[in-house]
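What follows is a single structure, written as structure tokens, with notes after it.
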Amino acid sequence: MAQDTLFTKGKIAPRLLRFALPVLGALFLQSFYGAVDLLVVGQFGKAADVSAVATGSMMMHTITFIITGLAMGTTIQMAQALGGGQKEKAADIVGTSVIFFIMLGLAVTIIMIFATRPFALLMQTPAQAFDKTLDYVHICAAGTIFITGYNVLGSVFRGMGDSKTPLYTVLVACLINIFGDLLFVAVFKMAAAGAAIATVLAQALSVVFCLAVARKKGLPFSFGKKNIRWNNFYIRLVCKTGAPISLQDGLVTISFLVIAAIINRLGLIASAGVGVAERVCAFIMLVPSAFSQSLSAFVAQNIGAQEYGRAKKALLYSIAASLACGIFMAWGAFFHGDALASIFSNNKEVIAAAHSYLKAYAIDTLFVSFLFCYIGYFNGCGNTGFVMAQGIAGAFGVRVPISYAMSLTKNPTLFRIGLATPCSTIVQIILCGAAFIFFERQRKNNWTQSL
């Protein structure tokens, strides 16, 4: 592996920051990529179109989070192999992942085609937006194989310490999506369906670009057709690590879908308002999300090299940087959420509803600086089972029950419903702190016994 992509040597903070900045850039572009659909539809469509894109995007995000979480298994296992100097193992993990994720992408596409209508019904999608939601998701389903392809390629690059290539790939996708949205939505007046077509086109071309870059740059290990084969051992290894992350991400996302369904009962304006607020939230959560992803690769390499002290220091640096940015983001969302929401909608009622919801998320922005970094650290250590457990506990033990209870209060507001999220995060932080102490003691005891 090239020295500049090895995280087991050198100063921690500069190397972590250099790796995290392109990850942050890629996440920003991904958020902007998704936001463009809603932004353009919000300016050239009606409230029903905004609600359709917002609801349909939730289903697509659920699928994406599940695939991304599973692909983290490839990132972590490959990074640990590279950190331990096992290049042939790393190549086999990548080759096996290619076959596995192609099959997964095809299976998910078929499932989505038949699951869209039940999903829209479960989400209690407003009647005015129901058919538009079906059209949006059915078209986007065609791009599932490309979503899968991008995430697998991105996981490989991040696992070997390259965060710039995924950034360039998302930039290409973002530019194509902007052009497509303006063409199909603003010019051809295709509303939600046009946004979906633009999304699929962008995803397809971004994968082609990523493959071209991968072929030109090469990999830090010998890789050929002999590595691209079905290997039960490596599939189990990747799934053992990635499946808990995928399940956790999927269930947490489903918990937000449940909350969205609860809010949809309040009417079209509330539905559209939360859809707009979620787009804004995607941006204000970028920094902790970037450090979470970066820590997974950084910590995994150091765990593979048995550099445990470097892994813990990286966690502390990440929390400090995330919290510093989180304070600024929280201020902006709480006091100026209406201005942020107006970017995505020109409807005053929708903007007011979005701002109400954003005030609760502003509080959560401070707490996720700790939670997301803990999650990245535990993922890198391979403790993905715990990550899944704490995520599910927070989602269905705290967030959903409180949201539902708040929706039953007299004259419920989106702010009160949104408070369920920071309440959940606080509980999860407590669980993570206890787990950190437990795993550290366990590691030290194992080290003592091995002497």
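Return the pairs, sorted by first residue and then second, in which the second residue is among the aromatic types (Phe, Trp, Tyr) and not in a helix (DSSP H, G or I), the first residue lies in the range 348-377 and is more than 14 Å from Ile327 (Cα to Cα), the beta carbons are less than 9 Å apart, and the residues are 6+ apart or on different chains.
Within 9 Å, the pairs are Val350/Phe344; Ile351/Phe344; Ala354/Phe344.
Among the residues that make up the range 260-268, is at least one of them open to solvent by 20 Å² or more (accessible area, probe 1.4 Å) and within 11 Å of the chain's Cα centre (by Cα)? Outline the logic, then answer.
Start the filter on the range 260-268 by keeping residues that are open to solvent by 20 Å² or more (accessible area, probe 1.4 Å), which leaves 265-268.
Now drop any that are not within 11 Å of the chain's Cα centre (by Cα), which leaves none.
No: the range 260-268 contains no residue that is open to solvent by 20 Å² or more (accessible area, probe 1.4 Å) and within 11 Å of the chain's Cα centre (by Cα).
Name the residues in the range 402-418 that are open to solvent by less than 60 Å² (accessible area, probe 1.4 Å) and either out of contact with any Asp or Glu (no Cβ under 9 Å at 6 or more places or on another chain) or over 21 Å from Val368 (Cβ atoms) (or both), would you?
Result: Ile402, Ser403, Ala405, Met406, Ser407, Thr409, Pro412, Thr413, Leu414, Ile417.
If you check Ala300 against the conditions, is it among the hydrophobic types (A, V, I, L, M, F, W, C) and more than 14 Å from Ala362 (Cα to Cα)?
On the way: among the hydrophobic types (A, V, I, L, M, F, W, C): yes; more than 14 Å from Ala362 (Cα to Cα): yes.
Answer is yes for this residue.
Within the range 237-250, can you find the residues that are under 14 Å from Ile375 (Cβ atoms) and either modelled with pLDDT under 85 or aliphatic (A, V, I, L, M) (or both)?
Ile245, Ser246, Leu247, Gln248, Asp249
Hand me the list of helices (runs of 4 or more DSSP H) wholly inside the range 230-323 holding 3 or more residues that are closer than 30 Å to Asp92 by Cα.
Working: elements: 232-264, 268-284, 286-304.
Those helices (runs of 4 or more DSSP H) span 232-264, 286-304.
List the residue pairs whose Cβ atoms are under 7 Å apart, where the first residue sits in the range 47-61 and is more than 14 Å from Met190 (Cα to Cα), the second is outside any helix (DSSP H, G or I) and at pLDDT 75 or above, and the two are 6 or more positions apart or on different chains.
Ala47/Asn347; Ser51/Pro126; Thr55/Thr125
Among the numbered criteria (1) in contact with an Asp or Glu (Cβ under 7 Å, 6 or more places away or on another chain); (2) modelled with pLDDT of 95 or more, which one does Thr421 miss?
(2)
Scan the range 81-92 and tell me whether some residue there is open to solvent by less than 10 Å² (accessible area, probe 1.4 Å), within 22 Å of the chain's Cα centre (by Cα) and either under 30 Å from Arg265 (Cα atoms) or hydrophobic (A, V, I, L, M, F, W, C) (or both).
No, that holds for no residue.
Can you name every residue in the range 277-324 that is basic (Lys, Arg) and at pLDDT below 90?
Kept after step one, since they are basic (Lys, Arg), are these residues of the range 277-324: 279, 310, 312-313.
Within the range 277-324, Arg279 is the sole residue that qualifies.
Confirm whether Ile110 is out of contact with any His (no Cβ under 9 Å at 6 or more places or on another chain), open to solvent by 30 Å² or more (accessible area, probe 1.4 Å), more than 21 Å from Ile176 (Cβ to Cβ) and modelled with pLDDT of 80 or more. So that I can check it myself, show each step before the final result.
Details: out of contact with any His (no Cβ under 9 Å at 6 or more places or on another chain): yes; open to solvent by 30 Å² or more (accessible area, probe 1.4 Å): yes; more than 21 Å from Ile176 (Cβ to Cβ): yes; modelled with pLDDT of 80 or more: yes.
Yes.
Looking only at residues in the range 181-223 that are of a type in the set (Lys, Arg) and assigned to a helix (DSSP H, G or I), which one is most open to solvent (accessible area, probe 1.4 Å)? Walk me through how you get there before you give the answer.
From the range 181-223, those of a type in the set (Lys, Arg) are 189, 215-217; that's our starting set.
Adding the requirement that they be assigned to a helix (DSSP H, G or I) leaves 215-217.
Values: Arg215: 215, Lys216: 184, Lys217: 117 Å².
Here the answer is Arg215.
List every residue pair whose Cβ atoms sit under 7 Å apart, with the two residues 6 or more apart in sequence or on different chains, where the first one lies in the range 388-401 and is under 21 Å from Ile263 (Cβ atoms) and the second, anywhere, is open to solvent by 30 Å² or more (accessible area, probe 1.4 Å) and at pLDDT 95 or above.
The qualifying pairs are Gly394/Val427; Val398/Cys423; Val398/Val427.
Restricting the search to the range 131-146, which residues are over 28 Å from Leu21 (Cβ atoms) and open to solvent by 30 Å² or more (accessible area, probe 1.4 Å)?
Within the range 131-146, Asp131, Lys132, Asp135, His138, Ile139, Ala142, Ile145 qualify.
Given the conditions (1) of a type in the set (A, V, I, L, M, F, W, C); (2) open to solvent by less than 50 Å² (accessible area, probe 1.4 Å); (3) at pLDDT 80 or above, report the number of the one that Leu17 does not fulfil.
(2)
Do any helices (runs of 4 or more DSSP H) entirely within the range 65-180 hold 3 or more residues that are among the aromatic types (Phe, Trp, Tyr), and if so, which? Steps first, answer last, please.
Working: elements: 87-122, 130-141, 144-159.
Filter on the range 65-180 gives 87-122, 144-159.
Any residue at all in the range 371-379 that is aliphatic (A, V, I, L, M), open to solvent by less than 10 Å² (accessible area, probe 1.4 Å), modelled with pLDDT of 95 or more and touching a Gly at 6+ places or on another chain (Cβ under 9 Å)?
Here is the first cut: in the range 371-379, the residues aliphatic (A, V, I, L, M) are 371, 375.
Narrowing the set further to residues that are open to solvent by less than 10 Å² (accessible area, probe 1.4 Å) leaves 371.
Among the residues that remain, those that are also modelled with pLDDT of 95 or more are: 371.
When the remaining residues are screened for being touching a Gly at 6+ places or on another chain (Cβ under 9 Å), the result is 371.
Yes.
I'm checking my understanding of the structure. Among residues of the range 269-310 that are farther than 14 Å from Thr421 by Cα and β-branched (Val, Ile, Thr), which one is farthest from the chain's Cα centre (by Cα)?
Here the answer is Ile269.
When you go through Gly154, Gly149 one by one, which is the residue that is farther than 28 Å from Ala261 by Cα and open to solvent by less than 10 Å² (accessible area, probe 1.4 Å)? It would help to see each step written out before you state the result.
Numbers: Gly149 fails: open to solvent by less than 10 Å² (accessible area, probe 1.4 Å).
Selected residue: Gly154, the only one of Gly154, Gly149 that is farther than 28 Å from Ala261 by Cα and open to solvent by less than 10 Å² (accessible area, probe 1.4 Å).
The values are calculated or read from the model by the stated rules, or taken from the named source; none is laboratory data. Worth saying up front: this structure is predicted, and the values here are computed from it rather than measured. FYI the Cβ positions are ideal-geometry reconstructions off the backbone, even for glycines, and counts take in every protein chain you see. For the accessible areas, the whole protein counts, side chains as well, though only heavy atoms, and no ligand, DNA or RNA atoms are used. Shrake-Rupley method; radii C 1.70, N 1.55, O 1.52, S 1.80 Å.
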